[in-house]
Amino acid sequence: MSVDETNEKRFESDIEADMLAGGYTRNNDTYDAENALYLDTLIRFVKATQPKSWQRFELQSGTPEKFAKAFQNAVDMDGLLSVMRNGFKHRGIPFRVCYFKPESGLNQTAVEQYAANEITVNRQWYYSADNKNSVDMVIAVNGIPVFAFELK
């Protein structure tokens, strides 16, 4: 191994270890480059935090692929930041894709919802379905990649 390769890989390992020690987790789900999501993670989050909404969605013959399409349509119309902050509706069913930290611990439901967020870090993120390009790391919130970075 060359000195540069060893240093970069070591740097990646150190950054990943620090993030994992700081509360992030490693995502073992498969990245769906077509939908730009860790779809299994997002659906797991929605099922755990919004079971009634998910049940209504499934009754309308909702599949994971249809959920991904509904999410992508909401992002295309309102932008990712708006969908992350406010959620989205699909056929009248409201969905939240993350919960922000409540201002106090008085509302136990809000505290539990915030604790249900899954923030993951992944190395060598192959972000495109068209080629094998990758970046060194990505941070995803409930399966939604929000921050990708290259380490040098």
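Tell me the chymotrypsin sites (Phe, Trp or Tyr not before Pro) within segment 66-152 that lie in a loop according to DSSP and have at most 15 other beta-carbon atoms within 10 Å.
Phe100, Tyr126, Tyr127
Hand me the tally of lysine pairs in the chain: alpha carbons under 30 angstrom apart, and the pair either on different chains or 8 or more positions apart.
The number of close lysine pairs in the chain is 18.
Let me know the volume per residue of the alpha-carbon convex hull for the chain, in Å³.
Once divided by residue count, the hull of the chain is 128 Å³.
Every number in this text was worked out from the coordinates using simple rules, so none of it is lab data. In this text the structure is predicted, and so the values were computed from the model without any measurement. Quick reminder, even Gly has a Cβ in these numbers, built from the backbone with ideal geometry, and neighbours come from all protein chains shown.
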